[in-house]
Amino acid sequence: MHSSRLIRSALLFAAAGLFGCATTALRPGDAVPFPAGYRDWHHVKSMVIQPGHPLHDAFGGIHHVYANAAARAGLASGRYADGAVFAFDLLEAKDGGNAIEEGPRKVLGVMHRSATAYRDTGGWGFAGFTGDGANVVKDMRAQCYLCHEAQQAHGYVFTQARP
């Protein structure tokens with residue numbers, strides 16, 4: 001009886017793993033999909049970019065970076081498989097009462113790995129979703145990749161695994 005329960009549990013775990021990792025293959029020209037459920041992924045890090053930082057105009061606020069299972073494996077190995085996705089949640093930083101708190105979302109930045117679909121941008125697709133779901137990234141190469149290109153040695157990813 002114990003072994004049959006163990007087998008059932010193993011099968012359920014395997015099925016859940018397959019369901020959770022299922023992704024549709026992307027083709028050249030496909031838009032980066034919105035990363036549904038990203039806040040349930042692995043939280044990689046948080047940071048605050050304040051006035052005075054060179055990127056404040058574009059990225060000032062509170063950042064939370066999430067990685068799906070494939071992206072988390074890539075952080076550990078340095079190599080990113082197709083299907084790896086990072087979500088970069090950028091929120092307004094509200095400063096008051098000796099605390100910095102989250103305000104409304106400014107943008108949800110997404111990097112989605114597909115060597116086939118995004119050949120021209122290092123195998124990564126980029127998107128920036130606003131609160132209403134609109135993608136503000138119209139030119140992945142000019143708006144995102146040209147900065148990420150400097151991180152080629154790290155798979156074009158700025159975020160690194162925290163020890």
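Every read-out reported here was derived from the displayed coordinates using simple, explicitly stated rules and does not represent laboratory data. Keep in mind the model is a prediction, meaning the values are calculated, not measured. Don't worry about glycine lacking a Cβ; one is built from the backbone with ideal geometry, like all the others, and counts go over all protein chains shown.
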(Q) Given points 7 Å out from each Cα along the Cα-Cβ axis, report the ILE100 to ASN135 separation in nanometres with one decimal. (A) 3.0 nm
Q.
Quick check on the range 110-158: take the gyration tensor over C-alpha atoms, sort the square-rooted eigenvalues as a ≥ b ≥ c, and tell me if it's rounded (a/c under 1.5), prolate or oblate.
A. prolate
(Q) Place a point 7 Å from the Cα of GLN143 along the Cα-to-Cβ direction; which residues of the range 99-118 have their backbone N under 11 Å from it? (A) 108-110
Q) Calculated FRET efficiency, ARG27 and ASP57, Cβ-Cβ r, R0 35 Å, to nearest 0.05? A) 0.50
Q) So what's the chain giving for Cα Rg divided by 2.2 N^0.38 Å, two decimals? A) 1.18
